[in-house]
Amino acid sequence: MLHDVFILLGVTGSIAAYKSAELVRLLRKAGARVQVLMTPDATRFVPPLTLGTLAESEVLTTVFPENEAGSWTKHITLGLSADLLVIAPATAQTIAKLAHGFCDSMLTATALAARCPVMVCPAMDHDMYEHPATRRNLEILRGYGYTIIEPEHGALASGLVGKGRLPEPVHILEAIQAFLHPEKPLVGEHLLLTAGPTREAIDPVRYISNHSTGTMGYALARTARDWGAEVTLVTGPVALPRPAGMRVVEVTSAEEMNQAVQAHLPVATFMVAAAAVADYAPATVSVQKIKKKDEDLHLALRKTPDILYNAGLKKQPDQILVGFALETNDAETHAERKLLRKNLDFIVVNDLSIPGAGFGTDTNQVVILGRDGCRHELPLADKQSIAAGVLRFLVPFLGRR
Ligand code: CTP
């Protein structure tokens, strides 16, 4: 998909530089010509030989190569001929230099001279990322028209947990592809999406919930937004960054999620229910913390509203309704029943018995079943790719309305 595209890949001195090797490989596989520019510190993390071999071109680290007299203008010519300069990972130091026009390495000099668009993928420790200096420098870069790919939340090399992880190379590749060839098959559509778990209060300090992290739902929301859809994301409590460019409705319980869906359903052209809704909630919520007394504690539970079933009752003929079925056994049989009972057009079957599928993993493997009897498999892939696969499958059905 990137044939005839020339990409300059800037690599800076972050531990995440190891991911650059995979990124070079993916870019080459997609057909791009790649020229790697490394800062001197980056070469301490990854040998230029590795990236140069994968890129099939010599890695450039300095503006003044010792044995290449007359070639010192390369930083100018590269920035003129490239289609895109991607800096991944970009350290706080390099971001600061770019913001203020420093050009003390081949990479920063090329960036300053570049006429091509620039994409920056920050990677650093959480506190460095959140520091006002870095935030301001990133704003300055946005002001230059640079595209910033937000780092991810998760375990960091320091041992801390927070925002600052370089996204997986496959996500950076997708961002590059989306930037160079923006695909907008969902323009004119309005997606109503439920994501994450719900929490059902037992007392002021305890609740019933499940292991859903919201990853799959958020990936769907971001992709639909990038593909031009208006998105309303109704989300239970998750630890993911709030996605930009969409309406986000934060809820806690199934009852609240049901109300939010009822409120937004009429304007949606399609709905995808990726939330893992608690099926039962305590019949009464204790006002005070329940004290530990007897050996056994019996909680009376009451069914929560079936949000998707309710949406199915109100579904307009031109709306497409898609559910997820989370199953541990006889996945497709159970899913088919849900498809009919909830008046859905499609159901995405998530079989938890398959390794790498379902909760708490970065990957998933699903089968989409249609009311018309169709069956479409999406093999094991990261959740962002599965999200794109599900939406790509739905596009022709949306267009048919
Ligand atoms: N769902 C919903 N409201 C609920 C329960 C489920 O909207 N109270 C939605 C889910 O978001 C999903 C689909 O219904 O899209 C199927 O959810 P799942 O948990 O697999 O099935 P249930 O209907 O809860 O049935 P069971 O728990 O018996 O498998």
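The values are calculated or read from the model by the stated rules, or taken from the named source; none is laboratory data. None of the values given here were measured: they were computed from a predicted structure. Cβ placement follows ideal geometry from the backbone for every residue including glycine, while neighbour counts extend to all protein chains displayed. Quick note on the areas: whole protein, heavy atoms, side chains included, nothing else; ligands and nucleic acids left out. Shrake-Rupley method; radii C 1.70, N 1.55, O 1.52, S 1.80 Å.
Provide Rg over Rh for segment 207-355; use the alpha carbon set for both Rg and the Kirkwood Rh (inverse mean inverse pair distance). Don't jump to the answer; show the numbers that get you there.
Numbers: Rg = 16.9 Å, Rh = 17.0 Å.
Ratio value, two decimals: 1.00.
Bin width 20 Å, alpha-carbon pairs only: give the P(r) of the chain as whole percents, running from 0 to the bin holding the largest distance.
Computed distribution, short to long bins: 25, 48, 24, 3, 0.
Once you put a point 7 Å from the Cα of THR73 and another 7 Å from the Cα of ILE140, both along the Cβ direction, what distance in nm separates them?
The answer from the label model is 2.9 nm.
Taking 2.2 N^0.38 Å as the expected size of a compact globular protein, what ratio does the Cα radius of gyration of segment 91-225 give against it, to two decimals?
Normalised Rg, Cα atoms only: 1.32.
Go through segment 324-334 residue by residue and turn each phi into a ³J(HN,Hα) via Karplus (6.51, -1.76, 1.60, θ = phi - 60°); whole Hz please, and just put x for glycine and proline.
So the J values, rounded to whole Hz, are 10, 10, 9, 10, 10, 7, 6, 3, 6, 5, 5.
How large is ³J(HN,Hα) for each residue in segment 303-315, as worked out from phi by the Karplus curve 6.51 cos²θ - 1.76 cosθ + 1.60 (θ = phi - 60°), to whole Hz, x for Gly and Pro?
4, 7, x, 8, 4, 6, 4, 4, 5, x, 5, 9, 3
For the chain, what does the helix formula give at 222 nm: sum of -39500 (n - 2.57) over DSSP H segments with n ≥ 4, over the residue count, nearest 500 deg cm²/dmol?
Mean residue ellipticity at 222 nm (helix-derived): -10000 deg cm²/dmol.
How much net charge surrounds LYS292 when only other residues with a Cβ under 13 Å from its Cβ are counted (Lys, Arg +1; Asp, Glu -1)? Display every interim value, and only then the final one.
Numbers: positive: ARG206, LYS289, LYS291, LYS293; negative: ASP203, ASP294, GLU295, ASP296.
Computed value for this residue: 0.
Roughly what angle does helix 215-226 make with the longest principal axis of the chain, taking Cα atoms, 0 to 90 degrees, to the nearest 10?
60 degrees
Which percent of the accessible heavy-atom area of segment 224-269 goes to carbon and sulfur, probe 1.4 angstrom? Don't skip to the end; give the middle numbers.
On the way: 1010 of 1990 Å².
C and S atoms contribute 51 percent here.
Please report Rg over Rh for segment 253-330, where both radii come from the alpha carbon positions and Rh follows the Kirkwood definition.
Taking Rg over the Kirkwood Rh, I get 1.12.
Could you name the lysines in cross-link range of LYS315, using Cα to Cα under 29 Å and dropping any fewer than eight places away on the same chain?
Hits, sequence-local ones excluded: LYS184, LYS303, LYS338, LYS342, LYS383.
Can you list residues from other chains, or at least 5 along the same chain, whose modelled amide H is less than 5 Å from the amide H of TYR207?
Placed amide hydrogens put ILE202 under 5 Å from TYR207.
In vacuum, with every alpha carbon of segment 6-180 counted as one equal point scatterer, what does the Debye formula give for log10 I(q)/I(0) at q = 0.09, 0.15, 0.16 Å⁻¹? Two decimals, please.
-0.27, -0.77, -0.89
Express in whole angstrom the spacing between the alpha-carbon centres of segment 72-147 and segment 338-401.
38 Å
Quick check on my link table: of LYS19/LYS97; LYS19/LYS74; LYS74/LYS163, which ones sit more than 31 Å apart, alpha carbon to alpha carbon?
Beyond 31 Å between Cα atoms: LYS74/LYS163.
Within a Cβ distance under 9 Å of SER253, other residues only, what is the Lys/Arg minus Asp/Glu net charge?
With Lys, Arg at +1 and Asp, Glu at -1, the net is -2.
Ignoring any ligand, DNA or RNA, what whole percent of the accessible area of segment 347-401 comes from carbon and sulfur when the probe is 1.4 angstrom?
Carbon-and-sulfur percentage of accessible area, whole number: 55.
Tell me, what is the per residue accessible area of the chain in Å², probe radius 1.4 Å?
Details: 19450 Å² over 401 residues.
Using a 1.4 Å probe on heavy atoms only, each residue of the chain averages 49 Å².
Under the 0.36 nm per residue contour assumption, what length would be gained going from the current alpha-carbon distance of ARG302 and GLU152 to full extension?
Full extension from ARG302 to GLU152 adds 50.3 nm.
Can you give me the % of accessible surface on segment 6-180 that is carbon or sulfur? Probe 1.4 Å, all protein chains present, nothing else counted.
The value for segment 6-180 is 57 percent carbon and sulfur by accessible area.
Can you give me the solvent accessible area of ILE76 with a 1.4 Å probe, rounded to the nearest 10 Å²?
ILE76 has an accessible surface of roughly 70 Å² with all protein chains in place.
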